[in-house]
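One structure below.
FYI, it's all coordinate maths here, none of it is from the lab. Note that the structure is a prediction, hence the values are computed from the model and not measured. Positions of Cβ are backbone-derived with ideal geometry, glycine not excepted, and every protein chain shown enters the neighbour counts.
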Amino acid sequence: MNASPDLTINTELAQRILTGFIRSEITRTGLTRAVINLSGGIDSALAIYLAAEALGPQNVLAIRLPYRTSSADSLEHAQMVIDDLGVQSMTVDITPMVDPLINNFADMDAMRKGNIMARMRMIVLYDQTAAFKGLAVGTGNKTEILLGYSTLYGDSACALNPIGDLYKTQVRQLSRAVGVPAAIIDKPPSADLWSGQTDEGELGYTYAEVDKLLYLLIDERYTPEECIEAGFADGFVRSVVERIRRNQFKRVLPPIAKLTNRTIGYDFLYLRDWGT
Amino acid sequence: MKMTLALAQINTTLGNVQKNLQKHLALIQQASDRGADLLIFPELSLTGYVLQDLVPTVACHPRDDDPVFRPLLEASQKLDLMVGFVEEDERNRFYIASAYLSRGQVLHVHRKVYLPTYGLFDEGRFFAWGDSVQAFDTRFGRVGMLICEDFWHASPSYLLWLDGADLFLFQSASPGRGLSEKPDLDSARWVNHILRAYASLYTSFVAHTNRVGFEDGLNFWGSAAVYDPNGNQLIEGPAFEEALTLVQLDLNQLHRTRARLPLLRDERTALVSREMGRILSDRSRSSGR
């Protein structure tokens with residue numbers, strides 16, 4: 001067994017499929033434009049490079065949504081992407097929308113605050129999709145979707161997601177290939193909800209490590225025991241497996257209680273692309 | 001004898017038969033203008049692939065009183081056609097089917113025998129299984145048609161070979177998957193291995209055409225291809241894009257290849273039948289040992 005699977009992808013092929021996906025899934029709705037919450041991190045940078053190629057930069061709106069504690073780097077890095085691509089852009093400070101709610105609750109912890117910020121960004125993003133006549137392009141990768149490292153109805157909210165079947169390791173590889181600035185690719189990934197926060201610090205392991213494990217568990221269908229046998233630490237494997245299971249609720253629509261003979265989600269089955 | 005085969009790799013509108021029919025008629029005209037004798041379309045070319053609850057609303061009947069088949073049968077006066085559709089039988093079972101049309105007649109309908117119902121596939125939930133595999137005569141010789149998963153099982157193509165097929169026409173709506181460092185997807189590579197193997201083992205022509213476009217998150221990879229009786233690829237259409245790809249087949253290649261390599265002559269069909277009978281006589285094991 002191989003504890004070090006090769007996650008290398010053919011970036012040209014990935015780029016071709018993903019730009020085709022964005023173009024197809026937006027234009028078949030009758031729209032031609034995309035709106036992206038550009039955080040300054042690698043995931044949204046990759047998504048916007050793909051969207052700009054698929055639709056043309058003039059048809060893409062990048063929104064920067066800083067909170068007062070957001071790092072200056074995030075704003076700068078987002079600006080680098082906007083300048084490089086020539087996409088349309090806007091900046092909306094979410095502080096005056098977020099703080100009144102936070103200030104209502106003296107005991108609010110960092111996670112609640114972070115969720116409020118993520119959901120406020122979603123509100124601004126979706127409002128701009130209506131104003132710009134575009135669809136919200138998602139920026140969640142396969143690693144964070146599997147680990148549930150996102151806010152439900154917050155940063156995970158989107159109309160379509162071009163990068164959700166790429167592990168973070170592969171996001172990095174594809175980002176290099178499409179020309180995302182090195183400063184964005186090389187910095188430690190962070191949700192930037194509070195100062196000094198990093199994904200890998202919060203998760204307790206690196207993306208490079210967990211991506212290999214996820215690849216074996218999910219793509220190669222290894223059992224947890226086989227992963228341990230292949231060289232991954234027992235506790236690491238168990239905690240990741242449990243984390244995947246516990247976060248299933250973030251990956252599905254809420255269950256509807258069945259009463260009739262035909263119920264949405266169970267026996268009313270159509271693709272979203274129905275009729276197009 | 002030579003013939004010009006045209007392979008249509010098209011995108012479809014999911015559940016809109018009229019719109020897909022118009023695209024068929026336009027491509028038939030194009031293929032005819034370019035001198036094609038036979039034009040083949042992908043699996044479910046008249047309906048789109050992930051139909052789910054749309055199945056009963058898109059079904060039709062391969063007869064000249066059917067509003068979808070009437071114009072196709074008229075068009076088949078110009079050149080022969082193979083199209084993909086949902087067939088509803090007289091007792092209201094629905095099949096994934098392909099029809100071969102020639103000079104205003106339906107020469108043959110194949111109903112997909114193997115419905116993949118695993119992984120991303122859910123065909124067995126919505127469709128009935130076909131229950132027959134037969135070759136049929138055309139003006140280009142004897143032909144066998146299979147649909148996607150049918151050719152992932154070795155037996156249907158083997159039966160068609162023994163039933164006289166020298167030209168295999170395969171149609172797919174194959175979702176692209178399996179991204180690695182290689183320049184093509186696993187799914188594309190797997191299919192092309194099989195096409196080449198069948199052409200070589202059956203010393204026959206194998207033609208395959210496949211959908212392009214997207215349905216929700218699924219991509220379809222196109223790359224229609226034809227292999228000759230020596231197992232050589234004669235042509236391959238582009239990946240992921242709509243295309244009409246024409247190739248001339250020199251049917252005399254069957255004679256030359258089989259003079260060199262008499263696999264068909266030497267096939268021990270009585271032995272196959274005898275051993276098959278023995279293996280399957282144990283009724284507790286209907287799928288073999």
* To do: Please report, in debye to the nearest 20, how large the charge dipole of region A:11-251 is about its Cα centre when each Lys and Arg carries +1 at its beta carbon and each Asp and Glu carries -1 there.
  => 780 debye
* To do: Starting from the alpha-carbon convex hull of region A:1-91, give the projected area averaged over all orientations, in nm².
  => 8.2 nm²
* Please state the charge dipole magnitude for the protein assembly as shown, taken about the Cα centre, from unit charges on C-beta atoms (+1 on K and R, -1 on D and E), reported in debye and rounded to the nearest 20. => 1060 debye
* Asked: Over all residues in A:5-13, what is the mean tally of Cβ atoms on other chains that come within 10 Å of each residue's Cβ?
  -> 4
* Within chain B, what's the longest run with no chymotrypsin sites (Phe, Trp or Tyr not before Pro) in a DSSP loop and at most 15 other beta-carbon atoms within 10 Å? Give the range, please. => B:130-289
* Structure fact -> Those GluC sites (Glu not before Pro) from region B:58-150 that are DSSP loop and have at most 15 other Cβ neighbours within 10 Å turn out to be B:E90
* Could you tell me which of A:A131, A:G114, A:I94 has its Cα farthest along the dipole of region A:11-251 towards the positive end, charges placed at Cβ (Lys, Arg +1; Asp, Glu -1), taken about the Cα centre? => A:A131
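Averaged over all directions, how much area does the convex hull of the C-alpha atoms of region A:11-251 cover when projected, in nm²?
Values: hull surface 53.1 nm².
Mean orientational projected area (region A:11-251, Cα hull): 13.3 nm².
Lys and Arg at +1, Asp and Glu at -1: add these up for the other residues within a Cβ distance under 15 Å of A:T95 and post the number. If you can, show how the numbers build up before the last one.
Numbers: positive: A:R64, A:R68, A:K113, A:R119, A:R121; negative: A:D93, A:D99, A:D192.
Charge balance in the 15 Å sphere: +2.
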* Remind me, relative contact order of chain A in percent, using alpha carbon pairs under 8 angstrom and six or more residues apart? -> 22 percent
* To do: Enumerate the residues in region A:135-149 having an amide nitrogen under 18 Å from the point lying 7 Å beyond the Cα of A:V241 toward its Cβ.
  => A:146-148
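Can you flag which of B:K23/B:K78; A:K250/B:K182; A:K187/B:K182; A:K187/A:K212; A:K113/A:K250; B:K78/B:K112 are past 25 Å Cα-Cα? Show your work: numbers first, answer last.
On the way: B:K23/B:K78 16 Å; A:K250/B:K182 32 Å; A:K187/B:K182 29 Å; A:K187/A:K212 20 Å; A:K113/A:K250 19 Å; B:K78/B:K112 27 Å.
Checking Cα-Cα distances, A:K250/B:K182; A:K187/B:K182; B:K78/B:K112 exceed 25 Å.
Listing B:H61, B:H110, B:H153, B:H24 from the residue with the fewest other Cβ atoms within 10 Å to the one with the most, what is the order? Write down the numbers at each step before the final one.
On the way: B:H61 17, B:H110 27, B:H153 13, B:H24 23.
In order of increasing Cβ crowding within 10 Å: B:H153, B:H61, B:H24, B:H110.
Could you work out the local net charge near B:P156, counting Lys and Arg as +1, Asp and Glu as -1, over the other residues with Cβ closer than 14 Å to its Cβ? Could the numbers behind the result be given before it?
Numbers: positive: B:R111, B:K112; negative: B:D131, B:E149, B:D150, B:D163.
Combined, the nearby Lys, Arg, Asp and Glu give -2.
Mind giving me the FRET efficiency for B:D250 and A:L259? R0 is 51 Å, r the Cβ-Cβ distance, nearest 0.05 is fine. The partial results should precede the final answer.
Working: r = 64 Å, r/R0 = 1.26.
That pair, B:D250 with A:L259, gives E of 0.20.
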* Answer with one residue from A:Y149, A:A208, A:G30: the one whose Cα lies farthest towards the positive end of the charge dipole of region A:11-251, charges on Cβ with Lys, Arg +1 and Asp, Glu -1. => A:G30
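With an 8 Å Cα cut-off and a minimum separation of 6 or more residues, compute the relative contact order for chain B in percent. Spell out each step's value before the answer.
Details: 629 pairs, mean separation 52.0, N = 289.
Result for chain B is 18 percent.
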* Any chance you could check the Cα centroid distance between region A:166-221 and region A:7-81 for me, in angstrom? => 17 Å
* Extent along principal axes [Cα atoms of the protein assembly as shown; Å; largest to smallest] -> 84, 52, 51
* To do: Express in nm, to one decimal, how much length is gained between A:M90 and A:Y266 on full extension, taking 0.36 nm for each residue of separation and deducting their alpha carbon distance.
  => 59.3 nm
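For A:L213, B:L7, what's the fewest-to-most ordering of other Cβ within 10 Å of each Cβ?
Numbers: A:L213 22, B:L7 30.
Ascending number of Cβ neighbours within 10 Å: A:L213, B:L7.
Sort B:34-40, A:268-274 by the packing proxy (mean of other Cβ within 10 Å over each peptide's residues), most packed first. Walk me through the intermediate numbers first.
Numbers: B:34-40: 21.6, A:268-274: 16.4.
Listed from highest to lowest mean packing, they are B:34-40, A:268-274.
What does the convex hull of the Cα atoms of chain B come to per residue, in Å³, rounded to a whole number? Working shown, then result.
Values: hull volume 40.5 nm³, N = 289.
Per-residue hull volume (Cα only) is 140 Å³.
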* In region A:173-276, GluC sites (Glu not before Pro) in a DSSP loop with at most 15 other beta-carbon atoms within 10 Å -> A:E220
* Charge sum, other residues only, whose C-beta stays under 14 Å from A:A177's C-beta, Lys/Arg counted +1 and Asp/Glu -1 -> 0
* To do: Return the distance in nm (one decimal) between the two label points of a simple spin-label model at B:S273 and A:S195, each offset 7 Å from Cα along Cα→Cβ.
  => 8.7 nm
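From Cα pairs below 8 angstrom and at least 6 apart in sequence, can you work out the relative contact order of region B:213-258, rounded to a whole percent? Numbers along the way, then the final one.
Values: 49 pairs, mean separation 14.2, N = 46.
For region B:213-258, the relative contact order is 31 percent.
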* Asked: So if we plug the beta-carbon distance of A:I218 and B:L25 into 1/(1 + (r/R0)^6) with R0 = 60 Å, what FRET efficiency do we get, rounded to 0.05?
  -> 0.85
* Asked: Label points 7 Å out from Cα along the Cβ direction at A:A3 and B:Q18: separation in nm?
  -> 6.3 nm
* Could I have the simple spin-label model distance between B:R70 and B:D33, label points 7 Å from Cα toward Cβ, reported in nm to one decimal? => 2.6 nm
